[in-house]
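Where a number appears in this text, it was derived from the coordinates with a stated rule and is not lab data. The shown structure was predicted, so the numbers you read here are calculated from the model rather than taken from an experiment.
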Amino acid sequence: MNRSLPAQWDEEAVLARAEHLAEAFCQRWQRPEGGAPALSVADLPAPGLGAQKITPAGRPATVTVPRARRDVARHIREAFAGLSAGSVLTVAQMVAARTSQYGAGEISAGAVAARLRADNVPGIRAVPGSSPLSARKIT
């Protein structure tokens with residue numbers, strides 16, 4: 001399948017390649033009998049945020065465009081926004097904070113803890129030996 005790659009990768013080439021791969025996959029892995037009716041590429045929603053098309057079942061199909069990669073360190077810094085230097089928050093409090101990067105409870109405690117342990121959040125330092133893991137605003 002990779003022997004016929006184009007020399008130039010522009011939007012048209014990428015779309016043509018995607019259509020070629022979709023056709024090849026459909027040929028290789030057939031739909032089970034009695035399944036939902038097949039959709040053609042023309043039946044799919046148009047690209048874009050919140051583009052909608054009615055599915056064969058009569059329900060709207062929404063295409064969601066992934067958000068840009070969010071910044072865990074920025075979330076942590078924003079959780080401390082408005083607090084004075086020396087203030088301490090637990091990981092749970094940082095997770096519960098609503099910031100420009102994540103909604104309240106949307107980020108995982110593991111992501112926050114990993115970033116604190118990496119010690120690379122400007123102005124914020126993990127509190128050594130704290131349980132539960134906490135961080136202090138330095139500046």
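Where the centre of each part is set by its Cα atoms, how far does the stretch 83-110 sit from the stretch 1-35, in angstrom? One Cα centre to the other: 43 Å.
Remark on Ile124: its backbone amide H falls under 5 Å from those of Ile138, a criterion applied only to residues 5 or more positions apart or on other chains, H modelled at 1.01 Å from N. Using a/c under 1.5 as the rounded threshold, could you call the stretch 88-139 rounded, prolate or oblate? The axes a ≥ b ≥ c are square roots of the C-alpha gyration tensor eigenvalues, and prolate needs a/b larger than b/c, oblate otherwise. Here the stretch 88-139 falls in the prolate category. Couplings 3J(HN,Hα) for the stretch 72-78, derived from phi with the Karplus relation 6.51 cos²θ - 1.76 cosθ + 1.60 (θ = phi - 60°), are 5, 4, 5, 4, 4, 4, 5 Hz, where x marks Gly and Pro. Database remark: amide H of Leu133 closer than 5 angstrom to the amide H of Val91 (H placed geometrically; neighbours at sequence offset of 5 or more, or on other chains; Pro and chain starts carry no H).
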